[in-house]
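Structure first, then comments.
The values are calculated or read from the model by the stated rules, or taken from the named source; none is laboratory data. Note that the structure is predicted; figures quoted are calculated from it, not measured. Cβ sites come from the backbone with ideal geometry, for glycine too, and all protein chains shown count toward neighbours.
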Amino acid sequence: MPRFYVNLPLEQASEISLPEDVVRHISVLRLRLTDTISLFNGDGYDYVAEFIEFERRKISVKIIAANLVQNESKLNLTLLMSIIASDKFDWVVQKAVELGVTRLIPIYAQNTQRFKADKLASRMEHWRKIILSSSEQSGRARLLELLEPLELASALVNSTAAAKFILSPHHAGQLSLHAHESVDLLVGPEGGFNQAEVELAHQAGFSSWQLGARILRAETAALSGVSLLQARFGDFT
């Protein structure tokens, strides 16, 4: 069943007009009046809807069922991801949604690009669209929370998770065996964190975690770390 995000209140038996972007998507998919679709707005439910008005530029639906979606990980996982090349960061955002990350915080470190205010607004909108698209595809009914970029020092001060890990290829460390309900995972930029930044993270309670004997690209490290955390503490089996 085709699934679409709508930024609208949804409840069973209600009738709504679909936003223009959803109407265009329905047209591309060549859906018909007799088809049913699924809508979600981030409240944790999928809403089955049937068409009651089906015109080229205007489509209305009636909600006929509300189904609680229970596919969120039990692990409250925040990915503190240093900003890397645009296409690679986009990929991290997309896969973070698929892998069940709860929250994503872009990080400014010494070796990262910094956005001007006008550029930042467009990048945030771009990342939100990736989150919505990936949520539609992956079946998540709650949206990954995206925060605006923070300086590394500010992000470290605001970290309150039960367990905190910094991925560093040059600092030995292993994943804790203790069960955790919340984890903050800090990943460096291309070229990695410098020694001062690693020490700052250690002072904030982050433990070094080394993924194998090889040096991974930032985007590979991020998704490998997330996957291992979900396997250890989350819902990967």
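Gln113 satisfies every condition listed in (1) in a loop (DSSP other than H, G, I, E, B); (2) in contact (Cβ under 8 Å) with a residue 40 or more places away in the chain; (3) more than 22 Å from Gln230 (Cβ to Cβ) except (2). Residues that are assigned to a loop (DSSP other than H, G, I, E, B) and not aliphatic (A, V, I, L, M) were ranked within the stretch 210-237; the one that is nearest to Pro106 (Cα to Cα) is Arg217. Looking only at the stretch 5-43, residues that are among the small types (Gly, Ala, Ser), surrounded by 12 or more Cβ atoms within 10 Å (Cβ to Cβ) and touching a residue at least 40 places away in the same chain (Cβ under 8 Å) come to 3 in all.
Checked against the criterion of being surrounded by 15 or more Cβ atoms within 10 Å (Cβ to Cβ), within 19 Å of Ala85 (Cβ to Cβ) and not hydrophobic (A, V, I, L, M, F, W, C), the candidates Gly188, Gly234 yield just one match: Gly188.
Just the residues that are of a type in the set (Gly, Ala, Ser) and either buried (at least 16 other Cβ atoms within 10 Å of the Cβ) or in the same structural domain as Ser133 (by TED's automatic domain parsing) (or both), please, taken from the stretch 45-64. If the condition is that a residue be of a type in the set (Gly, Ala, Ser) and either buried (at least 16 other Cβ atoms within 10 Å of the Cβ) or in the same structural domain as Ser133 (by TED's automatic domain parsing) (or both), then Ala49 is the only one that fits. Pairs meeting the criteria (first residue in the stretch 199-226 and free of Cβ contacts under 8 Å to residues at least 24 places away in the same chain, second residue among the aliphatic types (A, V, I, L, M), beta carbons under 6 Å, at least 6 apart or on different chains) are Ser224/Leu211. From the list Val101, Val97, the one residue that fits, being assigned to a helix (DSSP H, G or I), touching a residue at least 12 places away in the same chain (Cβ under 8 Å) and of a type outside the set (Lys, Arg), is Val97. Residues that are more than 30 Å from Leu156 (Cα to Cα) and part of a strand (DSSP E or B) do occur in the stretch 68-88.
Filtered by the rule that a residue be at pLDDT below 85, under 17 Å from Ala221 (Cβ atoms) and not hydrophobic (A, V, I, L, M, F, W, C), the stretch 149-190 gives Ser168, Pro169, His170, His171, Gly173, Gln174. One residue stands out in the stretch 191-209 among those that are surrounded by fewer than 17 Cβ atoms within 10 Å (Cβ to Cβ) and part of a loop (DSSP other than H, G, I, E, B): the one that is modelled with the lowest pLDDT, namely Gly191.
Residue-by-condition table, conditions (1) in a loop (DSSP other than H, G, I, E, B); (2) over 19 Å from Val226 (Cα atoms); (3) of a type in the set (A, V, I, L, M):
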site: Lys62; (1), (2), (3): no, yes, no
site: Ala66; (1), (2), (3): no, yes, yes
site: Asp90; (1), (2), (3): no, no, no
site: Ser122; (1), (2), (3): no, yes, no
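For the stretch 133-150, the condition of being in contact with a Phe, Trp or Tyr (Cβ under 8 Å, 6 or more places away or on another chain), loosely packed, with under 14 Cβ neighbours inside 10 Å and either acidic (Asp, Glu) or in the same structural domain as Leu167 (by TED's automatic domain parsing) (or both) holds for none of the residues. One residue stands out among those in the stretch 7-42 that are under 20 Å from Ser133 (Cα atoms), among the β-branched types (Val, Ile, Thr) and not in a helix (DSSP H, G or I): the one that is farthest from the chain's Cα centre (by Cα), which is Thr36.
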